[in-house]
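Contents: one structure, followed by commentary.
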Amino acid sequence: MDDPYVHIPVSTQGTVTGVDGAGNVMCVWDCGSSLSLAYDADRAHKIGTEDEAKVTLDRYGTKQPEKDCRCPRCGDMMWGPKARYALSRYAAITVCDRCGREEALECAGLTAARPLMKWCAIVLPSVGSGAWMR
Ligand SMILES: [Zn+2]
C-alpha cells in the first residue's frame, strides 16, 4: 500500500470488513490501522486455503532476513545466518532445525503434516515485529 499518511508494512495481515461504494476493500489490519485497500492501486491477497498460505510463505521466503529471524513454522528464533538452517519441504522458505526434522518425519509418512494454515507466520503474523520479512 502506498499511502502518504499511514504506513502499512508489507506482510501485514488483516480482516476484510466490507467494500465501499468506490470499490475499496475495507479492512481491520492486525497493526491496528483501518486503512482501506484502494481498488486497482494496492496489492493484497486472501489467505483462506493451503494454496493461498503457500503463496504467502513463498513470498515471505523471498524477503526472509539473512540472519537472526524467526522460524515461520513455529515462531522460534533462528540465530545466526539462515543458511545453517533447513529449507522447508512445503514452501520456499527456511525453517528451524526442529521444524526441518518434523517436516522430514511428515514427508516420510511417520507423523501427520502440520497444515500451512497453522504455521506461526500465517496464524500470528505480528510475532517478531515484522521479522518474517524485511
Ligand atoms: Zn521452527
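The numbers here are math on the coordinates, done by the rules we state, and not lab data. From a predicted model like this one, the values you see are computed outputs, not experimental measurements. When we count neighbours, we look across all protein chains shown, and the Cβ atoms used for this are built from the backbone with ideal geometry, even at glycine.
What is the helix-to-structure angle for 97-107, meaning the angle in degrees between its Cα long axis and the longest Cα principal axis of the chain, kept from 0 to 90 and rounded to the nearest 10?
Approximately 80 degrees, to the nearest ten.
Considering the Cα positions of the stretch 50-123, please state its Rg to one decimal place and its Dmax as a whole number of Å.
Spelled out, the Cα radius of gyration and Dmax of the stretch 50-123 are 11.4, 31 Å.
Counting only C-alpha contacts under 8 Å and six or more residues apart, can you give the relative contact order of the chain as a whole percent? Let's see the in-between values first.
Details: 207 pairs, mean separation 30.0, N = 134.
Value for the chain: 22 percent.
Any idea what log10 I(q)/I(0) is at q = 0.16, 0.19 Å⁻¹ for the chain, Debye with uniform C-alpha scatterers and no solvent?
At q = 0.16, 0.19 Å⁻¹ the computed log10 ratios are -0.82, -1.06.
Want the number for D68 to Y39: 0.36 nm per residue separation, take away the alpha-carbon distance, what's left? Can you show the working numbers first?
Numbers: separation 29, 0.36 × 29 = 10.44 nm, distance 3.60 nm.
That pair, D68 and Y39, stretches by 6.8 nm at full extension.
Given points 7 Å out from each Cα along the Cα-Cβ axis, report the V19 to R84 separation in nanometres with one decimal.
Placing both labels 7 Å beyond Cα along the Cβ direction yields 5.0 nm.
Which lysines have a Cα lying under 19 Å from the Cα of K67, excluding residues fewer than 8 positions away in the same chain?
K82
What's the exposure ranking of M117, M78, M1, going from fewest to most Cβ atoms within 10 Å?
The most exposed by this proxy come first: M117, M1, M78.
Whats the longest run of the chain with zero chymotrypsin sites (Phe, Trp or Tyr not before Pro) that are DSSP loop and have at most 13 other Cβ atoms within 10 Å?
Numbers: sites that count: Y5, Y39.
It runs 40-134.
Quick one: length gained pulling T49 to A104 fully straight, 0.36 nm per residue minus the C-alpha distance? Walk me through the intermediate numbers first.
Numbers: separation 55, 0.36 × 55 = 19.80 nm, distance 2.26 nm.
Answer, rounded to one decimal: 17.5 nm.
Please determine, in degrees from 0 to 90 and to the nearest 10, the orientation of helix 50-63 with respect to the longest principal axis defined by the Cα atoms of the chain, where the helix direction is its Cα long axis.
Tilt of helix 50-63: around 80 degrees.
For each of R73, R101, R59, count neighbouring Cβ atoms within 10 Å of the residue's Cβ, then give the residues from fewest to most. Spell out each step's value before the answer.
On the way: R73 27, R101 12, R59 18.
Taking fewest neighbouring Cβ atoms as first place, the list is R101, R59, R73.
Have a look at A86, A44, A22 and tell me which one the Gaussian network model of the chain (Cα, springs below 10 Å) gives the largest fluctuation.
Among A86, A44, A22, the largest mean-square fluctuation in the Gaussian network model of the chain belongs to A22.
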